[in-house]
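> There's a structure below that I have some questions on.
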Amino acid sequence: MTLRRTVALWGSLWVVAIAALHGFLNLGVEPPWAAGETSRRGDGFRVGFLPVTCHLTCPVADFIDRSLDGEGSFEPVRFNGWPELKEAFLSGYLPAAFLLAPMAMVLREQGVPLKIVYLGHRDGTAMMVHRESAIHRIEDLRGKLVAVPSRFSNQRLLLLKALGDRGLSIDDVTVVEMAPPDMPAALYARAVDAITSGEPFMGQTELDGYGRVLWLTKDVWPGFISCVLVVHEEVIAKQRRRVQELVTGIAKSGKWIDESMDHRMQTAGFVSKHYYNQHPRLLEFVLSKPPDRVTYSNLELQRPNFEEIERLAVQAGIFEGRVGFDDYADPSFVPDDTAPWAFEAAVP
């Protein structure tokens, strides 16, 4: 094939791709998932996630499903940051995604037709300071520089709650937004005084020897919720069975992870290799030190938990309170009594 013909062929392919994207994003062409009930992988039912423990049940569900059936019931799509993940969901590229709980609630208040159908996990967040830091109590954060993932993150609300419980306010610290993968290096260089985000990035600082735990969320806000599984309302209307299949698989995965330490270590192995592109020692550490640092059972949608988030989000100035639990949550997909997967991963 001549150079001219090669260039022409690739040019044509680019035109087709751009036209398809234009039709999808700008002309109202329906995404694949909007056509009605479908069954298996390849039909556009994508679920967005980040390589954090808040979203661990997503790759676990996919890996076990494919191991048992030969193919997955959904397509997990990895993103590296919240802005890209959120925009992919808003554009319709993702029918479902794991989002920060306050972010999902704010989007619903802004008119985005979504529903929270399940949780990512409970607890699983720490605040880390440098091991040589003079910060040993929450009160010692006064006047310090603290990094959080986003103004819409529950870690920021957690900081607000922890300070308030001790008579301080968010104005007593300087808060900066920082991508979680950048936080360990910032703490190592002492560019910030404290960092807090979802795992495993907090555990990385402890594992590498320069980070010290100031608090674990289970000690400051028991039952803490960081991320939630959200689905477009149109998807619920047109593919309810598919959404139920997704939630049930996620629920079974969470219970499987929590069933034993062997399952936690198996999880660290196959998720690190096939989904997160991380050394397994990091997930192994976070899932075991201590074992209840992050839990994946009892992830039903409980109204009081979300009302506490609402209260703090209003106090933080990111939520007006114009919508409530019944507007942004749909608990009907939560399985009544789901057993964990009957599965054992192969030991390498």
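> With no solvent and one equal point scatterer per Cα, compute the Debye intensity ratio I(q)/I(0) for the chain at 0.06, 0.14 Å⁻¹ and report its log10, rounded to two decimals.
-0.23, -1.14
> For the stretch 89-155, give the magnitude of the charge dipole about the Cα centre (Cβ charges: +1 Lys/Arg, -1 Asp/Glu; no others), in debye to the nearest 20.
60 debye
> For the chain, with a Gaussian network of springs between Cα atoms less than 10 Å apart, report the residue from A313, A104, A179 with the top mean-square fluctuation.
Highest fluctuation of the listed residues: A179.
> Taking Rh as the Kirkwood radius computed over C-alpha pairs, what is the Stokes-Einstein D of the stretch 106-145 at 20 °C in a medium of viscosity 1.002 mPa s, expressed in µm² per second?
Translational diffusion coefficient: 151 µm²/s.
> Then there's this: Set Lys and Arg Cβ to +1 and Asp and Glu Cβ to -1, take the dipole of the chain about its Cα centre, and tell me which of I116, A194, H274 lies farthest positive.
H274
> Additional query: How big is the dipole moment of the stretch 125-220 about its Cα centre under a simple scheme where the beta carbon of each Lys and Arg is +1, that of each Asp and Glu is -1, and everything else is neutral? Debye, nearest 20, please.
That gives the stretch 125-220 a dipole magnitude of about 140 debye.
> Exposure proxy check: M178, M128, M103, M265 ranked by fewest other beta carbons within 10 Å?
Numbers: M178 19, M128 26, M103 22, M265 16.
By the 10 Å Cβ count, ascending: M265, M178, M103, M128.
> Can I ask one more? For the chain, what is the relative contact order in percent, using Cα pairs closer than 8 Å and at least 6 residues apart in sequence?
Once normalised by length, the contact order is 24 percent.
> A follow-up question, please. Kindly work out what percent of the DSSP beta bridges joining two residues of the stretch 125-220 are antiparallel, to the nearest 5.
60 percent
> Additional query: Go ahead and set up a Gaussian network model of the chain, Cα springs under 10 Å, then flag whichever of P83, P51, P180 fluctuates most.
P83
> Continuing with the same structure: Please report the antiparallel percentage of the DSSP beta bridges confined to the chain, to the nearest 5.
Numbers: 22 of 35 bridges.
Within the chain, antiparallel bridges account for around 65 percent of the total.
> Dividing the convex hull volume of the Cα atoms of the stretch 33-184 by its residue count, what figure in Å³ per residue is obtained?
Working: hull volume 20.9 nm³, N = 152.
Per residue, the Cα convex hull of the stretch 33-184 comes to 137 Å³.
> Quick one: putting +1 on the C-beta of Lys and Arg, -1 on the C-beta of Asp and Glu, what dipole do you get for the chain around its Cα centre, in Debye to the nearest 20? Let's see the in-between values first.
On the way: 36 positive and 44 negative charges, 161 e Å.
Using Cβ point charges on Lys, Arg, Asp and Glu, the chain gives about 780 debye.
> In the chain, which whole DSSP H runs stretch at least 27 Å along their own axis (Cα) and average 0.0 or higher on the Kyte-Doolittle scale?
Qualifying helices: 3-26.
> Relative to the present Cα-Cα distance, how much length would full extension add between E139 and E300 at 0.36 nm per residue of separation? The partial results should precede the final answer.
Values: separation 161, 0.36 × 161 = 57.96 nm, distance 3.34 nm.
Fully extending the segment from E139 to E300 adds 54.6 nm.
> If you project the alpha carbons of the stretch 125-220 onto their three principal axes, what span does each projection cover, largest first, in Å?
Extents along the principal axes: 33, 28, 25 Å.
> Explain nothing, just compute: Karplus ³J(HN,Hα) = 6.51 cos²θ - 1.76 cosθ + 1.60, θ = phi - 60°, for every residue of the stretch 288-293 in order, whole Hz, x for Gly and Pro.
Here the 3J(HN,Hα) series is 9, 10, x, x, 9, 4 Hz.
> Hey, can you grab everything whose amide H is under 5 Å from the amide H of W215? Only 5+ residues off in sequence or another chain; H modelled, so Pro and N-termini drop out.
M127
> With just the Cα atoms of the stretch 204-348, tell me how far they stretch along each of the three principal axes, in Å, largest first.
That works out to 48, 39, 26 Å along the principal axes.
> Further question: Need one number for the stretch 69-128: average projected area of the convex hull over its C-alpha atoms, nm².
Mean projected area of the Cα convex hull: 6.1 nm².
> Sticking with this structure for a sec: Determine the alpha carbon to alpha carbon distance for each of K218/K289; K86/K252; K86/K115 and list only those over 18 Å.
Beyond 18 Å: K86/K252.
> Can you compute the FRET efficiency between A185 and R241 using 1/(1 + (r/R0)^6), with r the Cβ-Cβ distance and R0 = 41 Å? Round to the nearest 0.05.
On the way: r = 45 Å, r/R0 = 1.09.
Efficiency at R0 = 41 Å is approximately 0.35.
> Turning to a different aspect of this structure: Could you give the longest part of the chain that holds none of the GluC sites (Glu not before Pro) found in DSSP loops with at most 16 neighbouring Cβ atoms within 10 Å?
It runs 133-299.
Values quoted throughout were computed directly from the atomic coordinates according to the rules given, and no laboratory measurement underlies them. Everything numeric in this text was worked out from a predicted model, so none of it was measured. Heads up, the Cβs are rebuilt from the backbone with ideal geometry, glycines too, and the neighbour counts pull from every protein chain shown.
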